[in-house]
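In what follows, a structure is listed as structure tokens, so that the remarks can point back to it.
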Amino acid sequence: MKLKSILAATVLAVSLIPAAHAADAGAISIPMIPIPGHNFEMGKTEVTQAQWVAVMGENPSHFNKCGDDCPVENVSWIDVKLYIKRLNRKTGQEYRLPSEAEWEYACRAGSQDTYCGGNDVDKVAWTTNNSGGETSPVAGKKPNAWGFYDMSGNVWEWVEDCYDSICDARVLRGGSWGSEPQGARAAYRCYDGPAFRGSNDGFRLARTLP
């Protein structure tokens, strides 16, 4: 794991709090939040077990008794890409994984806080401090200034990028229920192989706006 901030020079102080809306996904409700001043939006929460099952028909999660509103986990980067392909076919939308830069921009929401949403980790994140060794339903902690939940903690989030141009490793951001607080910091980076599945790895969606 490597600590590095990739947006130190590009975070803008934006006071506007964007409103979430449910994307048109048929029977699948995917609340998205537009990013102020940019032409993309991201999922208000991590993709849940219910949202995964609605597309894939089965639940791969290790914590599958946690409930429909818990984040899906135990999914690889490759699994996620297949999910997105099927979701797009089902909905007619063009969802994708966020880039690492997009992810950190949304996480920081115009601030330089230590975590995504503040400087008190227990208010914004499920980590080893408070998780009890398992995932929790999404949106159970304080959101950041733009309304995004769980960008620190709960599950690591796959992003599109290769890790430092090494494409047999893909970037994960945000930390998880199994991370020490430093792993949930806004600037912290992690990686795994694209076929790796772990009970602390999930994702959230992004979409380019017209």
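The values are calculated or read from the model by the stated rules, or taken from the named source; none is laboratory data. Just so it is clear, the structure is predicted and the values come from calculations on it, not from any experiment. Glycine also receives a Cβ, built like all others from the backbone with ideal geometry; neighbour counts cover every protein chain displayed.
Note on the range 101-197: enclosed strands (runs of 3 or more DSSP E) holding 2 or more residues that are of a type outside the set (S, T, N, Q) and in contact with a Cys (Cβ under 7 Å, 6 or more places away or on another chain) are 166-173. Against the criterion of being within 18 Å of Ile30 (Cβ to Cβ), under 13 Å from the mean Cα position of the chain (by Cα) and at pLDDT 95 or above, Arg96 qualifies.
Give the residue, chosen from Ser165, Ser176, Ser199, Ser152, that is closer than 29 Å to Asn88 by Cβ and at pLDDT below 95.
Exactly one of Ser165, Ser176, Ser199, Ser152 is closer than 29 Å to Asn88 by Cβ and at pLDDT below 95, namely Ser165.
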